[in-house]
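Some notes on the structure that comes next.
The values are calculated or read from the model by the stated rules, or taken from the named source; none is laboratory data. Since this is a predicted model, take the numbers as computed values, not measurements. Using ideal geometry, Cβ is built from the backbone for each residue, glycine included, and neighbour counts are taken over all protein chains shown.
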Amino acid sequence: MKMKVILIAQEEEFNEKQLKRLQEYTPVQWFKDKTADILNISALSDDDEKILALSPVPMGWELPKDLYKILKNVKFINLATTTYEYLDLAWCKKNNIQVTNIPHYATNAVAEQAILLMLSLTKKLPAQIKSNYTYAFTKDVLGIDIAGKKVGIIGLGDIGTRIAEMVSSLGMDVSYWSLRSRHDNYRYKSLDTLLRESDIVFPTVESSPNTYGLLNKEKLSQLKKTAIFVSLIDERIWDKEYLIEKVEENELAGLAFEGSEKVSDYKGNVMVLPQLAWFSQESLDKNIKGWADTIISCIQDKPINLI
């Protein structure tokens, strides 16, 4: 019998075109509710050899711990995301389940969101929003020009490199720190030096136990009073509450991140947007096709994008 596919994703995350591609190779069961009770999907526990193609969105990005107790005869778990910290990789390895992800699909979209957040802080958009767009020449809405400003990028992977390219084209001076990556076009600095000297800081390191706590209070205390910090990364990596406090005390010029809060929830130059940085039409198309390609590669037992 062919290895079947159990596909868990909202309708917005997959499409009929790619479904038909998969069905040319093997049977597919698509569970596409807005929320998913994965523990009640009986097909995950049957004797058939299977692939679990999984988006974490229908489960609120948190897989139930009991999931690992019910999985039976799963050969591959194909994640719809680049990140994978919500999955117990150690358990999968121990149980001979190979795991894949979808890298690189949202590089442009995420980098562009970072630039949007940077500009919102330099132009004091939070203050304008909270003033109901009052036309007044006050210090609260007095912006700064970005040309010539020193940008520090922490982590020079795909997204960090794309941000570097974009801010360089805007006339900004780019430096970076990265654990492994090196780039001849930009100046490498130690992490401490980068934090002390940069006018605008973009952390772009990947989320993993190795990076949790990287930008702790001690490290972030080195930021200049006039600096701006723009984050689209896991809050386990950086001390969000500390930087919010720094902005409120006028010890940091600006902070931007993604979350469910409102701009009005914070004092000072704090900008918040929903977690939609990746959500562009181009990124979505790349993600769906890349996910289908990866699933097919596993059906053929020639897996790509292995973690």
Matching residues in segment 123-148 (in a helix (DSSP H, G or I) and surrounded by 11 or more Cβ atoms within 10 Å (Cβ to Cβ)) number 8
Checked segment 15-26 for anything surrounded by 14 or more Cβ atoms within 10 Å (Cβ to Cβ) and of a type outside the set (Lys, Arg); matches are Asn15, Gln18, Leu19, Leu22, Tyr25, Thr26
Please determine, by comparing only the residues of segment 236-252 that are of a type outside the set (A, V, I, L, M), touching a residue at least 12 places away in the same chain (Cβ under 8 Å) and part of a loop (DSSP other than H, G, I, E, B), which one is surrounded by the fewest Cβ atoms within 10 Å (Cβ to Cβ). Asn250
If we scan segment 109-122, do we find a residue that is surrounded by fewer than 18 Cβ atoms within 10 Å (Cβ to Cβ), of a type outside the set (A, V, I, L, M, F, W, C), in contact (Cβ under 8 Å) with a residue 24 or more places away in the chain and in contact with a helix residue (DSSP H, G or I) (Cβ under 6 Å, 6 or more places away or on another chain)? no
Answer yes or no as to whether Ala53 is buried (at least 19 other Cβ atoms within 10 Å of the Cβ), part of a helix (DSSP H, G or I) and at pLDDT 95 or above. no
